[in-house]
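K.L.:
The structure's right below; bear with me while I get my questions together.
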Amino acid sequence: MTTSYTPPNVWTWDQDNGGQFASTNRPIAGPTHDKDLPVGKHPFQLYSLATPNGVKVNIMFEELLQAGHTGAEYDAWLIRIGEGDQFGSGFVDVNPNSKIPALVDRSGAEPVRVFESGAILLHLAEKFGAFLGPDHLRPEMLSWLFWQMGSAPYLGGGFGHFYAYAPEPMEYPINRFAMEAKRQLDVLDRNLADREFMTGDDYTIADIAIWAWYGNMALGRQYDAGEFLSVHEYKNLVRWAKAIDARTAVQRGRMVNRTFGEPGEQLHERHDASDFETKTQDKISTPE
């Protein structure tokens, strides 16, 4: 039985309502406490957590390094969003929106802050001239990159929240967002019917961004909802997701700032490539 709800004349914040991740959000911006961010030795300082948005940037750095861009060395510092690290004064200085990931580019004369995962991917791709695809397909690549940024909130904050994290299951929002999630999976599956990657033959930042959300969904990892959404039906998407999942840089990127899953798949902080050697090596394939 559905209980009706009448919105009040004026909304007020109920801090106890919101489910598993209620503590990660609040209706005001700005810091809640003073806390400086650590700074390592590398040109790039990443402050993040291995959520889908965080994983995008981890993968990008590992792809750049594997491609030989030694200037892309980075320190990855763990931001525990459940403990409110994103509301510390140092983090808010880097990202006034208090969301991970956040990056400080210290490769130039003055530090440059970059926030929002898509902006970070584009910043790094342009800086190193990598994973942008051919010039004549740049509008297509950017279209898919921005498609991900606009679509994923329906998959995450929409379907994922109500299916996996809301205080109690509710038929209407689950059905509404499941329908949209399946529509998005179909969009991707149709696009990949005659393409190896999202824009053709070239692996780009659009693939990295989309894979972090929809690739993991196609592989049955996201919200334990693979059967519910029948992800096996999207054969082109599954093929693409598996191919990207097999990349060494992707396997490494998934581990960085990860605090859940098998211990051998977690690397809470990354400050050097040798940090991966302390983990179970058979988790990561050997580069060709």
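Where a number appears in this text, it was derived from the coordinates with a stated rule and is not lab data. In this text, all values refer to a predicted model and were calculated from it rather than measured experimentally. Virtual Cβ from ideal backbone geometry, glycine too; neighbours counted across all protein chains shown.
K.L.:
Sticking with the crude label model, points 7 Å out along Cα→Cβ, report the distance from A246 to M149 in nm, one decimal please.
P.N.:
Here the answer is 3.2 nm between the modelled labels.
K.L.:
Counting other beta carbons within 10 Å of each residue's own, what order do H268, H42 fall into, fewest first?
P.N.:
Exposure proxy ranking, most exposed first: H268, H42.
K.L.:
Let me ask something else. May I ask for the distance between the Cα centers of the stretch 207-251 and the stretch 47-101, given as a whole number of Å?
P.N.:
Cα centroid to Cα centroid, the span is 22 Å.
K.L.:
Neighbouring Cβ atoms within 10 Å as the yardstick, rank L142, L103 fewest first.
P.N.:
Starting with the residue having the fewest Cβ neighbours, the order is L142, L103.
K.L.:
To the nearest 500 deg cm²/dmol, what mean residue ellipticity at 222 nm is calculated for the chain from DSSP H runs of n ≥ 4 alone, each contributing -39,500 (n - 2.57), summed and divided by the residues?
P.N.:
On the way: 8 runs with 95 residues, N = 288.
The helix-only estimate for the chain comes to -10000 deg cm²/dmol at 222 nm.
K.L.:
Indicate, rounded to the nearest 5 percent, the antiparallel portion of the DSSP beta bridges found entirely in the chain. Could you put the intermediate results ahead of the total?
P.N.:
Details: 10 of 17 bridges.
Here the share of antiparallel DSSP bridges comes out near 60 percent.
K.L.:
Ranking M255, M60 by Cβ neighbours within 10 Å, fewest first, what do you get? Write down the numbers at each step before the final one.
P.N.:
Working: M255 23, M60 28.
The order, fewest Cβ neighbours first, is M255, M60.
K.L.:
Would you mind giving the average projected area, over all directions, of the Cα convex hull of the chain in nm² with one decimal? It would help to have the intermediate numbers written out before the result.
P.N.:
Values: hull surface 68.1 nm².
If I average the Cα hull's projected area over directions, I get 17.0 nm².
K.L.:
So, R0 is 41 Å and r is the distance between the beta-carbons of E196 and A29; what FRET efficiency does that work out to, to 0.05?
P.N.:
0.45
K.L.:
How much length would be gained if the chain were fully extended between A109 and E269, taking 0.36 nm per residue of separation minus their Cα-Cα distance, in nm to one decimal?
P.N.:
Computed gain between A109 and E269 is 55.0 nm.
K.L.:
Taking the Cα centre of the stretch 135-249 as origin, work out the dipole magnitude from +1 charges on Lys and Arg Cβ and -1 charges on Asp and Glu Cβ, in debye rounded to 20.
P.N.:
40 debye
K.L.:
Just to be sure I understand the curve: with the Debye formula and one point per C-alpha of the stretch 121-262, what is log10 I(q)/I(0) at q = 0.16, 0.18 Å⁻¹?
P.N.:
Each listed q corresponds, in turn, to -0.88, -1.08.
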